[in-house]
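Written out below as structure tokens is the structure these notes cover.
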Amino acid sequence: MAKINLDTTAVESREQRLGTIVYWDGNAQELSEASGYSKKSKCGKGCDLCEMKGPFTQPSVCSEQMVECQAGNVREAVLIQHAPIGCSASQTLYNTIYRIGLASRGHKVENLKISSTNLTEGDMVFGGVQKLRLTIEDVWDQSHPQAIFVGTSCATGIIGDDVDSVAEEYTAKLGIPVVPLHCEGFRSKHWSTGFDQTQHGILRQIVRKPTKKQEDLVNVINLWGSDVFGPMLANLNLRVNYVVDMATVEELAQMSEAAVTVAFCNTLGTYLSEGLEQAFGVPQARAPQPYGVLGTDAWLREIAKITHREHLVEDFIKREHERIAPQVEELRRKLKGTQGFISTGSAYAHGLIEVLRELGVTVNGSVVFHHDPIYDSGDTSQDTLAHLVDNYGNVDDFVVSIRQPFQFLTALQKHKPDFILIRHNGLAPLAARLGIPAAPLGDEHIAIGYNGLINLGNLILEILERKRFCQDLSKHVTHQYTDWWAAQTDPAILAKHPELIWEGVDQ
Ligand code: SF4
């Protein structure tokens, strides 16, 4: 269990806390054993996990963008990006996602409220603190938000602007939390540190000291997904408090009063769950994730135990098993012989593979964007990779790659799956060019719970209907890679033999 230190404004990065890696090649069983979480490691404790090194990386995502898509998505709050304007390039994408999320949850649809201090060359020389002050004052005059988040950037990290002092000054002056979020892209090799930094700031300055308990309230840490937890947990007479995206400042503040915290995915929720438990005494569900029948059963029983609803849970589980059995059987019949491939964040991928295997879909390969050898609780019940391997078998090709399209290409060439499930859908067109239909999982809750099996099964049947179209497409389009690289089938070949890169260049 990592000690959550709320005395400092900057979160400890994921690689420091959890030993996170972004590059690895092997099978799932080996990775699970090497992680040393619930399995005994052959090479030491979790943080000793060996990571591959490649000769280059293609552009990816950074922590600052994760702050943008979390702190920037809190209703009634404003995020200031203390950064050059280029760091705001993804605002258009996140604005679309935010608006769709608000609509799907029945909230008033609005645009993101994110401002930028728009740092320029002169600010790099003379400092950007004065611009930050002016931006905070502008934001306050324009909308009187209930909280202001200030996200840093590589540029402010380099020049060393004292963002903490400005945030402190304006917290006192405006009477609202002004929360510094240290998310310079270069601070961490994986973007998920940005999740942790947002949650760290919220734990420090927004969550209130509890004066009462709401015994039927469940914190659900998620992104923008549709409301599937609410109806499911209503069967146990529980209410849901969705955080962080699209929550109000008050909904964040009341997290300390909840009976229990759960997450749609441990990658996202590990820090906040542990922080709420350590700092405010809110227990987290020490259980597998709610994917597939096996995981959902265990997850519901754990929530029922913590909230003293054991008398309700077994009936609900029994009813749900009976309800979905014929539909799952039919889906298994239709999906027989189908091969799938997963490319998402790590704990989410573990859950999706479990659902696919319960549906009878073959999954021999996946590319996950990073790997946390352990989660913040240190509790082995949350070891999602071991849960997958122990209950559903090995995944032969389990590549960890920080969203590198060149490796994604070789992995797909090797496996030639019938379809892929992908979360960061910028990679989906590459699959289509190879004749493989993709389901970009815009609604991350699609595979959750008992309904998740049916939803995901039907989605796969839908995308399989596009296979012929993608195959036709692939005959008429090209991709940007050389024939030499396109003929490779080992995504990690350049890490193993960096000298080969010149073979590709000479071609
Ligand atoms: S914070 Fe750094 S890595 Fe992230 S977008 Fe800005 S310059 Fe790029």
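The values are calculated or read from the model by the stated rules, or taken from the named source; none is laboratory data. Worth saying up front: this structure is predicted, and the values here are computed from it rather than measured. Cβ coordinates were reconstructed from backbone atoms using ideal geometry, including for glycine residues, and neighbour counts include every protein chain displayed.
Within the stretch 355-373, can one find any residue that is without any contact (Cβ under 8 Å) to a residue 24 or more places away in the chain and either touching an Asp or Glu at 6+ places or on another chain (Cβ under 6 Å) or within 21 Å of Asp196 (Cβ to Cβ) (or both)? Can you show your working first?
The initial filter retains those residues of the stretch 355-373 that are without any contact (Cβ under 8 Å) to a residue 24 or more places away in the chain, namely none.
Looking for residues that are without any contact (Cβ under 8 Å) to a residue 24 or more places away in the chain and either touching an Asp or Glu at 6+ places or on another chain (Cβ under 6 Å) or within 21 Å of Asp196 (Cβ to Cβ) (or both), one finds none in the stretch 355-373, hence no.
Looking only at the stretch 125-144, which residues are farther than 27 Å from Gly160 by Cβ and not acidic (Asp, Glu)? Talk me through it step by step, then tell me what you get.
Here is the first cut: in the stretch 125-144, the ones farther than 27 Å from Gly160 by Cβ are 141-144.
Across the stretch 125-144, the qualifying residues are Gln142, Ser143, His144.
Every listed requirement among (1) away from the ligand (no atom under 16 Å from the Cβ); (2) on the phi < 0 side of the Ramachandran plot; (3) under 23 Å from the mean Cα position of the chain (by Cα) is met by Pro55 save one, (3). Looking at Thr135, Thr171, Thr152, just one residue is closer than 19 Å to Glu12 by Cβ, at pLDDT 95 or above and of a type in the set (Ser, Thr, Tyr), and that residue is Thr152.
Tell me, please, whether a residue that is among the acidic types (Asp, Glu) and more than 14 Å from the ligand (Cβ to nearest atom) can be found in the stretch 30-38. Yes, the stretch 30-38 has at least one match. Restricting attention to the stretch 82-105, the residues being loosely packed, with under 13 Cβ neighbours inside 10 Å and in contact (Cβ under 8 Å) with a residue 60 or more places away in the chain number 0.
Listed conditions (1) within 14 Å of the ligand (Cβ to nearest atom); (2) under 19 Å from the mean Cα position of the chain (by Cα); (3) outside any loop (DSSP other than H, G, I, E, B) are all met by Tyr98, apart from (1). Being of a type outside the set (Val, Ile, Thr), within 16 Å of the ligand (Cβ to nearest atom) and in a loop (DSSP other than H, G, I, E, B) is the filter here; which residues of the stretch 113-140 pass it? Within the stretch 113-140, Asn118, Leu119, Gly128 qualify. Cβ-Cβ contacts under 7 Å between residues 6 or more apart (or on different chains), taken from a first residue in the stretch 167-187 that is closer than 14 Å to Ile202 by Cβ and of a type in the set (Gly, Ala, Ser) to a second residue that is modelled with pLDDT of 95 or more and more than 16 Å from the ligand (Cβ to nearest atom), are listed as Ala167/Val178; Ala167/Val179. For the stretch 141-189, the tally of residues that are within 16 Å of the ligand (Cβ to nearest atom) and either in a helix (DSSP H, G or I) or under 27 Å from the mean Cα position of the chain (by Cα) (or both) stands at 22.
Restricting the stretch 1-58 to residues that are of a type in the set (Asp, Glu) and in a loop (DSSP other than H, G, I, E, B), the residue that is modelled with the lowest pLDDT is Glu51.
Scanning the stretch 69-93 for residues that are more than 30 Å from Pro491 (Cα to Cα), more than 9 Å from the ligand (Cβ to nearest atom) and either of a type outside the set (Lys, Arg) or modelled with pLDDT under 95 (or both) yields a total of 14. Just one of (1) out of contact with any Asp or Glu (no Cβ under 9 Å at 6 or more places or on another chain); (2) surrounded by fewer than 21 Cβ atoms within 10 Å (Cβ to Cβ) fails for Gln65. It is (2).
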